[in-house]
Structures are given as structure tokens and as C-alpha cells.
């Protein structure tokens, strides 16, 4: 097995985050609002409020990057500091597809490396 590594995005104080986008439930009438910024330590910070009003209940942070052939890869690793809540990581095999491959993970309020096996992701 090869030990390939491909960093998709490396946050630091000089990162260009203009390609990151927030998509909230307002696209379907909800009232959630997510925000994203590069904080004073150079980390990407996703924050906001989730509202269940008007059948809402989600906020997402999206990043479109050039296609990567994952044939030689087994996992995606995320370095996150969450708030103790559950989150989803989603990727697409083609950017034009409506569906995504999904994995749910829990955060614990501390820095964590989340390892998601590509073979465990579901539609």
C-alpha cells in the first residue's frame, strides 16, 4: 500500500478563502445563518445559528476544488476543533451530481483528526 497524501486545503494566516461558500436553509425558506472567516490564528472558522423555523435546520460550508483521482486513496482526514455537536462531511464524484457521498462525525470541543474511510461513505 502506498502512503500518498494530498492536502486539499491548508488553512493559515495567508490563506485565500474566497472559494469557500456558505449555503443555508434560506434556499428553501429556512432562517438559519452560517458564517465563515479566517480567524486571528489563521484557522477557518465556521459559525452561526441553526433555526428549525419554516422547516429549516441546516447550514453548510462548501469548497469546490479541482477533481482528484482517489483511486490510490483510502481516507479523508480532517483536522477540526468542533463544539461537541455532530457534523457531516460530504463529497461528490462529479460536481454536477445532485447527490453527495456522506459521512457523519462527532466533535468533542478539542482539536481532533477525523479519519473518514472513503469505503464507508454512503449516498
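Taking the conditions exactly as written (in contact with a strand residue (DSSP E or B) (Cβ under 6 Å, 6 or more places away or on another chain), exposed (fewer than 10 other Cβ atoms within 10 Å of the Cβ) and assigned by TED's automatic domain parsing to the domain that holds residue 123), does residue 86 satisfy them or not? It would help to see each step written out before you state the result.
On the way: in contact with a strand residue (DSSP E or B) (Cβ under 6 Å, 6 or more places away or on another chain): yes; exposed (fewer than 10 other Cβ atoms within 10 Å of the Cβ): yes; assigned by TED's automatic domain parsing to the domain that holds residue 123: yes.
Spelling it out, residue 86 is indeed in contact with a strand residue (DSSP E or B) (Cβ under 6 Å, 6 or more places away or on another chain), exposed (fewer than 10 other Cβ atoms within 10 Å of the Cβ) and assigned by TED's automatic domain parsing to the domain that holds residue 123.
Residues in region 58-70: is at least one without any contact (Cβ under 8 Å) to a residue 24 or more places away in the chain and out of contact with any helix residue (DSSP H, G or I) (no Cβ under 8 Å at 6 or more places or on another chain)?
yes
Just to be sure, is residue 73 touching a residue at least 60 places away in the same chain (Cβ under 8 Å) and either assigned to a strand (DSSP E or B) or closer than 24 Å to residue 5 by Cα (or both)?
Details: touching a residue at least 60 places away in the same chain (Cβ under 8 Å): yes; either assigned to a strand (DSSP E or B) or closer than 24 Å to residue 5 by Cα (or both): yes.
So residue 73 fits the description; yes.
Looking at (1) over 26 Å from residue 122 (Cα atoms); (2) part of a strand (DSSP E or B), which is the one condition that is false for residue 54?
Answer for residue 54: the failing condition is (2).
Being surrounded by fewer than 10 Cβ atoms within 10 Å (Cβ to Cβ) and either in contact (Cβ under 8 Å) with a residue 40 or more places away in the chain or part of a strand (DSSP E or B) (or both) is the filter here; which residues of region 99-123 pass it?
113, 119, 122, listed by residue number.
In region 23-42, which residues are out of contact with any helix residue (DSSP H, G or I) (no Cβ under 8 Å at 6 or more places or on another chain) and surrounded by fewer than 16 Cβ atoms within 10 Å (Cβ to Cβ)?
Hits for region 23-42 are 23, 27, 35, 37, 39, 40, 41, 42.
If you scan region 100-122, which residues turn out to be more than 19 Å from residue 46 (Cα to Cα) and either modelled with pLDDT under 95 or out of contact with any strand residue (DSSP E or B) (no Cβ under 8 Å at 6 or more places or on another chain) (or both)?
Scanning region 100-122 gives a single hit, 119.
The values are calculated or read from the model by the stated rules, or taken from the named source; none is laboratory data. This structure is a prediction, so every number in the text was calculated from the model and none was measured. Every residue, glycine among them, receives a Cβ derived from its backbone with ideal geometry; neighbour counts consider all protein chains shown.
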